[in-house]
Amino acid sequence: MTEDRRFRVTLLPQGQHFEAGADESLLKAGLRALVPMRSSCRNGTCRTCICRLASGQIVYEIEWPGLTREEKAEGLVLPCVARPLSDVVLRYES
Ligand code: FES
């Protein structure tokens, strides 16, 4: 199994970084590392945590995260329900 893989997550524009396991959400890993990441529902519906996947690959824990097909195509992601498949860079816009 690959569940013990760990990846580096970088948050832009501040440049904070932390490690996330392949078996946990990016938000959960960030909060565990005491990195401030905005969130509310933590189940992929409220969109408070929305940001842009600048690089890397993710997979969703749920079948229908609260993003449109167009938003996904633009690179928007919901870190509360996204697990890393590689090193990841997330960009937050104000
Ligand atoms: S915290 Fe609600 S969608 Fe991520």
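Any read-out appearing in this document is the output of simple, stated calculations on the displayed coordinates, not a laboratory observation. It should be emphasised that the depicted structure is a prediction, and the values quoted were computed from it without experimental measurement. For neighbour counting, all protein chains shown are included, and Cβ atoms are generated from backbone atoms with ideal geometry for every residue, glycine included.
Tabulated data
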read-out: Residue count, the range 72-94 (criterion: within 7 Å of the ligand (Cβ to nearest atom) and closer than 19 Å to HIS17 by Cβ); value: 2
read-out: Every residue from the range 72-83 that is aliphatic (A, V, I, L, M) and in a helix (DSSP H, G or I); value: ALA73, VAL81
